[in-house]
Amino acid sequence: MAMLASTYLFAYNSAMFAAWLYVLCNLAASLSSSFTSTTFEAQHPLLIPQDYLATEPKGSASRPVVPPVTWQKVSDLSFYAKTTYVKPRLIVAYRSIESLAITIQTATILETIHAILRVVRSSPANNFLQWIGRTHVIAVAATLATYVPETKQYTSAEQMPSFHALTALAVVFFWAISECIRYPWAAVKIVADSEFARNIGAIQSLNRVLTWLRYSAFVVLYPAGFLAEEALLIGCLPFAFSRKPYDIAMPNAWNFSFTYSSFLLCVLYAQPVGFFALYIHMFEQRYKKLGGAPSSSGTGDAAAAKQKKRA
Amino acid sequence: MKLVIASRSGRLVVDGGLHIDAGETVDGLLAEMHSLSLKKLVRIPGKPILVPERQRFTLPLVPGAVTADGKKARPVALASGKKLSDYNLKDGDTLHFKDLGQQVGYVTVFFWEYFGPMAVYPLVYYLPKLLYPESMLQNGECPRHPVQAIATAYWSFHFAKRILETFFVHKFSHGTMPIFNLLRNCSYYWAFAAFVSYFVNHPLYTPPPFERSKWALAGAMLMQAGNLYSHVILANLRPKGSKEYRVPRGFLFNYVTCANYTFEILGWLLFNVATQSIPGILFMFAGGYQMTLWAIAKHKRLKRTFDGKEGREKYPRRFIILPPLI
C-alpha cells in the first residue's frame, strides 16, 4: 500500500513538473514570437492599438471628457513604450498559455484529495484554501482582467490592457518557476527516501540540491508571486465595480446576493495576512530542513551531517 | 518527595523541584503549583498566577512508545480527583507542565456566544432603515412578510432557550476553557446571526409559500422540545457529583447516540424550509459538520468505554447522529 502510494505520488509530481515546465517553455516561446512577429498586426486586426486609442469616449458639450486618472496612465507600461504594439501582444501571449495554466491549477485539487485520503501528511483545509485562492486568481480574476481589454469595449477607467496582461503573465511565470522546483523536489525526494536509492550518490546529491532550492528560492519567488497576484486583483477592481461580473442580485428564490467587487476587496485584505503567515512558516521550515544556516555554504554541511547520521 | 517540573522542551519550570507528600492527590499538586506561582517561584514568562484550571501536568513520554494498536503513544495527563500514587510517581520523577493560558468559565462563554445571536437577529428585523440603502426600501419602509416575523421570534426563542439551558439544565464536566475560545465562538455565532438575519430580513426577500413556512416552523418548535427533553435526560444521566460515564438511555437516545444533535440539526433544517435562504443553509451545514465531528468522537468514546469485556456493559448498536444516514 505504501509502495503504491509513493509510486502514485512520484507519477503525480513528475506529471505536474512536466506540465508546468511546458507552460514555462510555451510562455517564453509565445512572448518571443509575439514580439518578433512582423505579421502580428495582420493576424490580430481587432487588437491594433489605433482602435484602443479610439475608444476614448467622446464628450458632449455639457459633460466634457475628463482626462484619464493619472496613476492609470502611469501604470500603463505602454505609455512609456515607443512601440505601438505592446498592449495586444502581451494579451495574445497570455491567451496562448491561459487554458493550460487554468487546467493545471484546477487539477491541483488532487492535492487536497491526497490530504483527505492521508496519502500526504498535510492539512486538507489549508490545501483547499490555497487551491481556491489560486484557482480564483487564474481562472476568474485573470480571465476578467484580460478578456475585457481584448474586446475594446472598455471605459477610460479600465484602460490599461498591457498592465492586466503583464500581471497575469507575471503570476503564471512566478507560479511556473516555483512549481518547477517544488514538483521535481517532491518527486526526487520520494525516490531518494526509498530503500532502492539509499546508496546511489547521484540521487542523494540531486535530492540535496533540490531541497536547498526548494527552501531557498521561495525567499524571492513567494513575494514576487504575491505582488503579481495583488497587482492582478487590484487591476480587476475597476472591472468588478463597473461591470459587476459574477454578481447575483436580490430578489431571488434563494435569498442571497453576491457582489464580486466586495469579494475582491475581502480577498485583497485577507491575502497579505495569509502571505505573511505562509512566508514565516516557510522560513521556519527552511531553518528546520537546512539546519538553520542562512547561506548556501552552511546548508550543504548540515545536509551532509544529516547524511552521516543516517549512515 | 521531590518532583522535577519541566516544560515539554525540557526547560525547568520550578527551580529546585516541587516538594510534595507522596500520599497527596493531583488536586493537591495543582494547589501547590498555584501557591508557588503566587510567590512568583514559577519560571513562566510573565509570571502568571496559575489557578488549577490553567495547569496541565503530563507524564513524560517514553521515546518510541506505541499504543496497543501500534499508533504513536500520547502523553498521559494527570486527572483531577486521582492520587499521585495512581501514576506511580516516585521521588525525583519528572512531570511535564503546560500553562493552558487565561481561562474563562463555560457558563460565561455560553452566555455571551448565545446572547449575541439572540440580540443581533431581531435588531436587523426591527431597524432595517439603519442597514439597507434607501433605494431598496419602498417609500422609506421595509416591506415585511409574516414569515420574517415568526422566523425572528423562532430564532430569538432558540437562543434564549440555549441561555436558560446553560443556567438551569446543563451539567458541565469541565469548568473552564481558554479565553481564546470565547473570541472564536462569539465570532462564529454573532457573525452567522448577522449574515442570516441580513438576508432573511432583506427588503427584497422572497418568501416561500406561507402555508409551508407555518408548518415547518411548527415542526421546528417540536424539535426544540425534543432537544430540551434530550438535554434534561443527559443532565440527569449520572448521580450528583459523579464523573463516571453512563450509557444515555430513553427517548430517541435508545436509537441515536447524540439525539440532542439530531433534534438540533432537524430544527435548523425546518427553519431553512420555512425561510429558504443560502446563508441559513450554510449555518445549518457549519453547525451540522461540527456536531457530527463531536458526535463521532462521543460515539467512539462510548464504544471504547463500554466494550462488553471483563464484565463491562456492551454499548448497544445505535446510529451516531442522523438516522438513517450515520
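Computed quantities for the displayed model
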quantity	calculated
Residue in region B:178-191 that is more than 27 Å from B:Phe285 (Cβ to Cβ), aliphatic (A, V, I, L, M) and either open to solvent by less than 70 Å² (accessible area, probe 1.4 Å) or at pLDDT below 95 (or both) present	yes
Selection status of B:Arg301, in contact (Cβ under 8 Å) with a residue 40 or more places away in the chain, within 14 Å of another protein chain (Cβ to nearest Cβ) and open to solvent by 60 Å² or more (accessible area, probe 1.4 Å)	no
Candidates A:Ala270, A:Ala217 - the one that is among the aliphatic types (A, V, I, L, M), more than 14 Å from every other protein chain (Cβ to nearest Cβ) and open to solvent by 40 Å² or more (accessible area, probe 1.4 Å)	A:Ala270
Residue satisfying all of: in region A:245-254; within 7 Å of chain B (Cβ to nearest Cβ) and within 16 Å of B:Leu137 (Cα to Cα); surrounded by the most Cβ atoms within 10 Å (Cβ to Cβ) among these	A:Met250
Checking A:Ala240 against (1) away from every other protein chain (no Cβ under 14 Å); (2) surrounded by fewer than 15 Cβ atoms within 10 Å (Cβ to Cβ); (3) not in a loop (DSSP other than H, G, I, E, B), the condition it does not meet	(2)
Selection count where residues are over 20 Å from the mean Cα position of the chain (by Cα) and surrounded by 18 or more Cβ atoms within 10 Å (Cβ to Cβ), scope region B:241-268	1
Check on B:Gly287, more than 14 Å from chain A (Cβ to nearest Cβ), of a type in the set (Gly, Ala, Ser) and not in a helix (DSSP H, G or I)	no
Long-range neighbours under 9 Å by Cβ, at least six apart or interchain, first residue among the basic types (Lys, Arg) within region A:141-165, second open to solvent by 10 Å² or more (accessible area, probe 1.4 Å) and modelled with pLDDT under 65	A:Lys152/A:Leu46; A:Lys152/A:Leu47; A:Lys152/A:Asp51; A:Lys152/A:Tyr52; A:Lys152/A:Ala54; A:Lys152/A:Thr55
Unique residue being among the polar types (S, T, N, Q), open to solvent by less than 40 Å² (accessible area, probe 1.4 Å), more than 30 Å from A:Asn26 (Cα to Cα) and in contact with a strand residue (DSSP E or B) (Cβ under 6 Å, 6 or more places away or on another chain) when the list is A:Ser257, A:Ser261	A:Ser257
Flag for B:Val26 being surrounded by 15 or more Cβ atoms within 10 Å (Cβ to Cβ), within 23 Å of B:Gly175 (Cβ to Cβ) and touching a residue at least 24 places away in the same chain (Cβ under 8 Å)	yes
Matching option when the condition is open to solvent by 70 Å² or more (accessible area, probe 1.4 Å), within 14 Å of chain A (Cβ to nearest Cβ) and small (Gly, Ala, Ser), among B:Ser197, B:Ser213, B:Ser135	B:Ser135
Breaking point among (1) without any contact (Cβ under 8 Å) to a residue 40 or more places away in the chain; (2) in a helix (DSSP H, G or I); (3) over 25 Å from the mean Cα position of the chain (by Cα), for B:Arg144	(2)
Pairs, first under 12 Å from A:Pro184 (Cβ atoms) in region A:5-16, second hydroxyl-bearing (Ser, Thr, Tyr) and surrounded by 17 or more Cβ atoms within 10 Å (Cβ to Cβ), C-beta under 7 Å, six or more apart	A:Asn13/A:Tyr183; A:Met16/A:Tyr183
Any hit, region B:32-46, residues being farther than 15 Å from B:Asp99 by Cβ, open to solvent by 50 Å² or more (accessible area, probe 1.4 Å) and without any contact (Cβ under 8 Å) to a residue 40 or more places away in the chain	yes
Restricting region B:47-69 to residues that are touching a helix residue (DSSP H, G or I) at 6+ places or on another chain (Cβ under 9 Å) and open to solvent by 30 Å² or more (accessible area, probe 1.4 Å), the residue that is farthest from B:Ser85 (Cα to Cα)	B:Lys47
Subset of region B:228-283 (residues that are within 14 Å of chain A (Cβ to nearest Cβ) and assigned to a loop (DSSP other than H, G, I, E, B))	B:Gln276, B:Ser277
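Quick grid of which residues meet (1) of a type in the set (Ser, Thr, Tyr); (2) open to solvent by less than 70 Å² (accessible area, probe 1.4 Å); (3) modelled with pLDDT of 60 or more:
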| position | (1), (2), (3) |
| --- | --- |
| A:Pro68 | no, yes, no |
| A:Phe79 | no, no, no |
| A:Lys82 | no, no, no |
| A:Arg89 | no, yes, yes |
| A:Thr103 | yes, no, yes |
| A:Thr106 | yes, yes, yes |
| A:Arg121 | no, no, yes |
| A:Arg134 | no, yes, yes |
| A:Val137 | no, yes, yes |
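The values are calculated or read from the model by the stated rules, or taken from the named source; none is laboratory data. As the structure is a prediction and not an experimental result, all values here were calculated from the model. FYI the Cβ positions are ideal-geometry reconstructions off the backbone, even for glycines, and counts take in every protein chain you see. Heavy atoms of the whole protein, side chains included, go into the accessibility calculation; ligands, DNA and RNA do not. Shrake-Rupley method; radii C 1.70, N 1.55, O 1.52, S 1.80 Å.
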